[in-house]
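These notes concern the structure reproduced below.
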Amino acid sequence: MSTVARPLNDEEVFSEMNKMVAFIRQEALEKAREIKVKADEEFNIEKAKLVRQESINVEGQFQRKVKQAEVKQRILTSTLINKSRLEVLQERQEMLDSVFVEAQQALKKLPEDKEKYTKLLIDLCLQAFLQLSDDTVTVHARKTDLDLLKSALPKALELYKERTGKDISASAAEDSPLPDSVLGGVRVSALGGRISVDNTLQERLDLSSNRMLPQLRDVLFGQSPNRKFYN
């Protein structure tokens, strides 16, 4: 014997509908929570990526600025060191120049002592004669020194013969005197002026200056720590 289902009344239909609505609402809430949780996770992940990338960018910019600052500092330091070295070198050169200027001034006064200067002319002529080793030479001097030169030549010729056993003909060049800028001394030529020995005081000072410059630097400023060899 079968049982026939009776239709639901309005109250029961309303109750069933409320259950279905509640179920659907619950499902929707749970789905919304899932979506929110997933969205929060993705947001946090994306935010962490952005924060990490921005941190990397900031660190990179900082490092670049640090390197730029270091380069600028090295350039500035190098510039200051070079400037300081140039100033020191300039001061040293000025000091050396002043030494040679003083020596030049002293040489200018040398001809004032006629006796000593005549002896010097004898020595300078003899040295030139020995270097040239020619039978005939011409001796040039300043116009103001011609008389002293003429008195010095006989003694220089005598000493030359004592040294070499040879006679030599030497004459003072009255028509072509040396300029006063040579400070004094002689210039001796042979073979029609094709060869000569410059024994003027200015030339001797220049030669001495070049030769003595390293020793003079050591005396004035001390030995350089970078110098490896010493004479």
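Values as computed for the structure displayed
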quantity: Any hit, the stretch 81-93, residues being farther than 30 Å from SER208 by Cα, open to solvent by 80 Å² or more (accessible area, probe 1.4 Å) and part of a helix (DSSP H, G or I); calculated: yes
quantity: Flag for LYS67 being of a type in the set (D, E, K, R) and within 47 Å of the chain's Cα centre (by Cα); calculated: yes
quantity: Subset of the stretch 126-141 (residues that are in contact with a Phe, Trp or Tyr (Cβ under 7 Å, 6 or more places away or on another chain) and part of a strand (DSSP E or B)); calculated: VAL137
quantity: Check on ARG85, closer than 30 Å to LEU205 by Cβ and within 44 Å of the chain's Cα centre (by Cα); calculated: yes
quantity: Single residue of the stretch 88-100 satisfying the filter (under 30 Å from GLU203 (Cβ atoms) and without any contact (Cβ under 8 Å) to a residue 40 or more places away in the chain) that is farthest from the chain's Cα centre (by Cα); calculated: SER98
quantity: One residue from ASN210, ASN231 being out of contact with any Asp or Glu (no Cβ under 6 Å at 6 or more places or on another chain), among the polar types (S, T, N, Q) and either assigned to a loop (DSSP other than H, G, I, E, B) or at pLDDT 95 or above (or both); calculated: ASN231
quantity: Which listed residue, of ALA103, ALA141, ALA156, ALA128, is free of Cβ contacts under 8 Å to residues at least 40 places away in the same chain and open to solvent by less than 80 Å² (accessible area, probe 1.4 Å); calculated: ALA156
quantity: Subset of the stretch 106-123 (residues that are at pLDDT below 90 and open to solvent by less than 70 Å² (accessible area, probe 1.4 Å)); calculated: ALA106, LEU107, LEU110, PRO111
quantity: Any chance ALA69 is under 30 Å from GLY184 (Cα atoms), part of a helix (DSSP H, G or I), without any contact (Cβ under 8 Å) to a residue 60 or more places away in the chain and small (Gly, Ala, Ser); calculated: no
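The values are calculated or read from the model by the stated rules, or taken from the named source; none is laboratory data. Quick caveat, the model's predicted, so the values are computed rather than measured. FYI the Cβ positions are ideal-geometry reconstructions off the backbone, even for glycines, and counts take in every protein chain you see. In case anyone asks, the SASA skips ligands and DNA or RNA and just uses the protein heavy atoms, side chains included. Shrake-Rupley method; radii C 1.70, N 1.55, O 1.52, S 1.80 Å.
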